[in-house]
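Encoded as structure tokens, here's the structure I'll be asking about.
Computed from the coordinates by the stated procedures, all read-outs in this text should not be read as laboratory data. All values derive from a computational prediction rather than experimental measurement. A quick note on method: Cβ atoms are made from the backbone with ideal geometry, for glycine too, and the neighbour counts reach across all protein chains shown.
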Amino acid sequence: MLKYLNLIRYKNILFLAFIQIMMREFILFPILQKYGFEITSNDVNFIILILATAFIAAGGYVLNDYFDIKIDQINRPERQIVNISVSKPKAMLIYQVLTVLGTLLGLILAFLVRNFNMALIFIAVPGLLWFYSASYKRQFIVGNIIVAILAALSLMIVAFTELAQLEQEFGKLLYETPIPGEFFAWVGGFAIFSFLMTWIREIIKDMEDQHGDKEMECRTMPIKWGINKSKIFVYFLLFVTLSLLIITERFFIPFGGTFTLRYIIFGIILPIIYLVYLLYKSNSQTDFHQASQLTKFIMFLGVLYSLVFYFLMAKEFHLVLFNIFIIK
């Protein structure tokens, strides 16, 4: 059983479900409460959304290992599963089952919320994952950006689903309120952060995997530009991320006090500074793996700001925090 859980990257799948729950419970619902809406959203639809994205993502991980057998034999033979613990035909069958289940659940969700665009998303994403694993991930920059876009989309789909449900109840009048704009502004902010940090992590992972990638004639950034230039590009992306965080806190965070600023400084900026240091001194596969893991942790810290947002919203608008008490 463990080999199958590792094959689908169960920890990553759980993290995906975690961030979707955080977006809904601690970003979208407080915004609705701010405008006096009772929280009556359909939990069944949300469970379908989580399962659909989880199955499609899990299928993508299996497919990635299926196409990367030779690369994994060089880069991480001790962690290779496909063609060792799980045969190639069985891996392909697992991918097909997971992807079909995820796509069907996505189409069912699109039907339930009456949203054709959502149906297109659940059809397009599996196709994109196939081309990514088969070809795009070996190309310069393209593969990194595709993964980053999908990471951002996994957050935005939560807002799309909630808005589609609200539109069923209130019709087009919903779009004459500030709610859609605030949904997209806040979840979009998290999505942009996820996009940038995922892009950074993918480049670092390419540095970690450069030896196997080079043997398979991949054209990733570290192979095409070299490690040093790739590091400089990562520093640039980190600078962009920090700049956007500071600009957002300065001009777009509506809450008084310094809680958000302190969280950004101690929860995100300082870890990013340490990431720069760690990446600067990284030379081996182990070093780059540590930097990659730190990047994932920074993403986790970024998602946890949703709790800070919920607390500040509850304080500012006298919402019932966790349905237990009101902050004054």
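If you average the alpha carbon positions of region 157-178 and of region 68-120, how far apart do those two centres end up, in angstrom?
Each part reduced to its Cα centre gives a spacing of 31 Å.
If you keep only loop residues by DSSP, which trypsin sites (Lys or Arg not before Pro) in region 68-155 have at most 13 other Cβ atoms within 10 Å of their Cβ?
Qualifying residues, ordered by number: Arg114.
Something else now. Give or take rounding to whole Å, what are the principal axis extents of the alpha carbon atoms in region 43-152, in descending order?
That works out to 47, 31, 20 Å along the principal axes.
At most 11 other Cβ atoms within 10 Å and a DSSP loop assignment: could you name the GluC sites (Glu not before Pro) in region 189-238 that fit?
Those that pass, being in a loop and sparsely packed, are Glu217.
Which entries in the list Lys11/Lys229; Lys88/Lys137; Lys70/Lys137; Lys11/Lys296; Lys137/Lys231 go over 23 Å, if you measure between the two C-alpha atoms of each?
Lys11/Lys229
Could you work out which residue, out of Leu101, Leu312, Leu173, moves most in a Gaussian network model of the chain, that is, has the largest mean-square fluctuation with Cα springs under 10 Å?
Leu173
Sort Thr177, Thr103, Thr248, Thr258 so that the residue with the fewest other Cβ atoms within 10 Å of its own Cβ comes first and the one with the most comes last.
Thr258, Thr177, Thr248, Thr103
Continuing with the same structure: Quick one: what does P(r) look like for region 2-326 with 10 Å bins over all Cα pairs, in whole %?
5, 24, 32, 25, 12, 2
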